[in-house]
1. I want the local charge near B:SER74. Using Cβ-Cβ distances under 14 Å, sum +1 for each Lys or Arg and -1 for each Asp or Glu among the other residues.
2. Could you tell me which residue out of B:PHE67, B:TRP97, B:ILE81 lies farthest along the dipole of the stretch B:54-128 toward its positive end? Charges go on the beta carbon: Lys and Arg +1, Asp and Glu -1, centred on the Cα centre.
3. With θ set to phi - 60° and the Karplus curve 6.51 cos²θ - 1.76 cosθ + 1.60, what are the ³J(HN,Hα) couplings of the stretch A:71-80 in order, to the nearest whole Hz, using x for Gly and Pro?
4. Find out how many positive minus negative residues lie around B:GLU42, taking Lys and Arg as positive, Asp and Glu as negative, among other residues whose Cβ is under 12 Å from that of B:GLU42.
5. Distances from B:LYS11 to the same position in the other copies: list them in nm, one decimal, shortest first, using label points 7 Å from Cα along Cα→Cβ.
6. What are the label-to-label distances in nm, one decimal and shortest first, from A:LYS83 to the same spot in the other copies, with labels 7 Å along Cα to Cβ?
7. Other chains' Cβ within 10 Å of A:16-26 residues: what's the mean?
8. If you take the square roots of the eigenvalues of the alpha-carbon gyration tensor of the protein assembly as shown and sort them as a ≥ b ≥ c, do you get rounded (a/c under 1.5), prolate (a/b over b/c) or oblate?
Protein chains: 2
Amino acid sequence: MTKEDIIKLIKKQKVAIISSINEHGYPVIRAMLRPRKIERNELYFSTNLSSNKVTEYNNCPKACVYFYKKGLISYTGIALIGKMEVLTNQEIKNEIWKLGDSIFYKNGKTDPDYCVLKFTIENTRFYKDLKTEDVKF
Amino acid sequence: MTKEDIIKLIKKQKVAIISSINEHGYPVIRAMLRPRKIERNELYFSTNLSSNKVTEYNNCPKACVYFYKKGLISYTGIALIGKMEVLTNQEIKNEIWKLGDSIFYKNGKTDPDYCVLKFTIENTRFYKDLKTEDVKF
């Protein structure tokens, strides 16, 4: 498994499972729509500034993003370990905005509740059936 | 949403997504087969004693177990926050053993690498489409 194989696999997924750490030090899992942008070892997601995950990532940027694919007899999973940053600058908000987003944000691209989560991969763990492999980024 | 509704929803799922915290304080996500046993606010999973998650839960029992169901237009997710305990006593190993497990454990129920993860729910967060709700256990 190479870095390129992993990026290829991520690009095919519709849902990303993410984890933050809450104020009591517990991991908290949520599902999100797939990243809007993937560049180098960075994934960019769209979200609400007022959400709990934003508060949690601002307090503790340590994060995990997980993708998986379940076949009839096989199972592929990829855990990306790294840091999550909350971005509110207009440039990146414009860049990853999609037309349908107006349903969620009344003020469009400049809505103060619309923000971007930037995840930087530091380590990865790849699961295929019963084997695991660490892939360097 | 009641506690009973949540248990009902969990019992229908085939896969559980779990998170531990690794030695560097990062959350780590993995998928597992659904719990073998659900009793009160406790879920029991079968796993390998030699796995990384067992090491991680022994170091830090704080855990999250997540289940989700994706429909065509709706999305339901349930995050259970609590503690994970690694059990190796023969009584519980016997109780949750399944016939097919012999494929993974050569020595059967008494295989020293076969163990049980017991998760105790402390808090839950329920997601339905764009709304969230905290359900007490």
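1. +3
2. The residue sitting farthest along the positive end of the dipole is B:PHE67.
3. These are the phi-based 3J(HN,Hα) values: x, 5, 10, 10, 9, 10, x, 9, 9, 9 Hz.
4. For residues surrounding B:GLU42, the net value is +2.
5. For B:LYS11, the inter-copy label distances come out at 4.4 nm.
6. 3.2
7. Across the residues of A:16-26, the mean count of other-chain Cβ atoms within 10 Å is 5.
8. Note, shape of the protein assembly as shown comes out prolate.
Each reported figure results from applying straightforward, stated rules to the coordinates on display, with no laboratory input. Only a predicted model underlies this, so the values are computations on that prediction, with no experimental measurement involved. Please note: Cβ atoms are built from the backbone with ideal geometry, for glycine as well, and neighbour counts cover all protein chains shown.
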